Every structure is written in structure tokens, then in C-alpha cells.
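Accompanying notes for the structure given below.
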Amino acid sequence: VAVPFFTLYVFNANFQIVEAALAPAAADALNWGPFETSTVMGSSSFFIFGSVVVVNRLSKRGARDIYLLLFGLLFSAIGYSIVWFSWRRGVKIWQFVVPILATTASFPFLGSTNRSLFSAAVDASPYLSRYSGMMQALISMSSSVAGFTAPSIVTAFFLRDPSYIDMTTDGRELSAWTLLSPGLTMIAFFLVIWAGEPLSLRPESFAQIEMEESIRDNDATKNEQYRDLKTEKTSLLSSIDENHMSFVKYKPSRSGRCTIIRVERSSKLSPSMVCSFRAESAQCCMGVLAPDDVEYEEESL
């Protein structure tokens, strides 16, 4: 349960690199103003929407949430590494913009899948399932914590001052501290692998649940049939050989089996002898349940 908290914090904290550092870095490297910066941020929404569509279709085709999350983390780590490498003075516009679009396109792979795994883990816990609402509120707060703590860290440690960039030879707008972002993302990547998928989302669990539901449905159908046949009478002796016939009496035992308590042999029995009992008891004698009511009747023609 703790892994989704860390993953969501890292995901939202990384986004602050783009939000907090884009405007000053682009102004120094490309002489951009508010219009150009807003245009890039607005364009990224189309990539986010496209990723949402992709994630939705993959989920409908059976893609597991944990694999989508791992892909998003790996793609995000690569994207932020490229941001650190490509945000420099004198680069072309596409070298500055493409890494932004790549990182924002990974957001749908991280947000919904992480919350889905978190919800499944909470529901699977006998202690936390009673507080599912509070747990959802706590994970939302972790996202908010990243929103107001990360910008100060980005401006203090990640973003370089233009006067300092003048003294360097690489011309990078971001310091080496920026690599902490892909580093934390890879830590989250391996933590997700270590934590694994909640049992309720694993394929073998789905198969077991379907099997249990099928067994319950079959039992319910049989019980319904037994109720319908509860008062029916069934004749077991439709024809009798008068010369070779044995009369066997059964007694139900506690173990659910029929025990022979008396055998009477007769050279000649009336063909009118009929052994009748409830159809439900017939099913019981065949191993379904212990017989509970057996009646023997002799009728004369």
C-alpha cells in the first residue's frame, strides 16, 4: 500500500520540473515569452488526451495495470533524462519541446493505473478495507504535498542562474540535481516490481473466482430442482420377477450412507409390491445427501 504513495508523489513532483522551470529556462535559452510558454503547455494537453485514449483501449483489451504503470515509469524516467540533457542554450526549438511532450504523454500511464492498484490493495486488506475512503483521501494528499514542496526544490537546486550558465561550457539550464528526478522514478519502478500486483487483480485469482461462482450457480440450480421435486412420488419397481426376487430394507446412517439391516428372500412376491419414496431421497441415496425418509408400501391388486 505504501508504494503507490511514493509513486504518486514522484510522479507529481517530476511534473513540477516542467511547470516551474520551463518559463525561466526557455526565456534564457530561446528568448521565449509567456505566449510561447503557454502554447507549449497547451499543446501538451493534446498528447495527454491521446495517451488517455491509448491507456483506455489497452485496458479494454486486457492489459494489466501493473504493466501499464511500469511502462509509464520507464518512459517518464527516459523523458526527464532527456530534459536535463537537451535544455541548453543555442538548441533548436524542437529539442526543447519534444522532451516536454514526451514526459507529459506518460502521465495517463501513471495516474489511473497507480490508483487502480492502490484501490485493489486497500480492498484486499482486512484492516484497511474498512477505511477505503480515508485511504483515498490520504493518497490524494500525497499528490498535493508534491505540488507545494517540489517547486521550491526545483527553483533552488535544479534551475541554474543565467550568470552561472555564462561561466559553464555546456550551457545547460538545469543542474545535475535534475537527474534526481529520473533516479527517483526508477526507484519507484523497482518498488512496483517488488510489491507486485494485488492478489485480486492476478489472472489466477480471476480464474478461481469464476470457478467458485460457477460452483455456487450449479449448487443453487440443484437446490432449486430438489425443492421442485420435494413432494413427488417415484415408483422404483415397475416390473417384478415373481420367481427371483429379494426384498432389501435399508436404514439411513449418520455417515450419509444406506446400511442393509434386513434381507428377506421369498420365492414368490406379489408384482404389486411398490417401493415409493420422495424423489429427493432418491437423489440422496445416490450419494448427494443422506436419505431422510424411505417408505415401503405393499398394495394388492
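The values are calculated or read from the model by the stated rules, or taken from the named source; none is laboratory data. Worth saying up front: this structure is predicted, and the values here are computed from it rather than measured. We place every Cβ from the backbone using ideal geometry, glycine too, and count neighbours over all the protein chains shown. To get the accessible areas, we keep the full protein, side chains included, count just its heavy atoms, and leave off ligands, DNA and RNA. Shrake-Rupley method; radii C 1.70, N 1.55, O 1.52, S 1.80 Å.
Among the trypsin sites (Lys or Arg not before Pro) within the stretch 109-199, not one is in coil by DSSP while having at most 14 neighbouring Cβ atoms inside 10 Å.
Taking all protein chains together and a 1.4 Å probe, the residues Tyr127, Tyr67 rank Tyr127, Tyr67 from largest to smallest accessible area.
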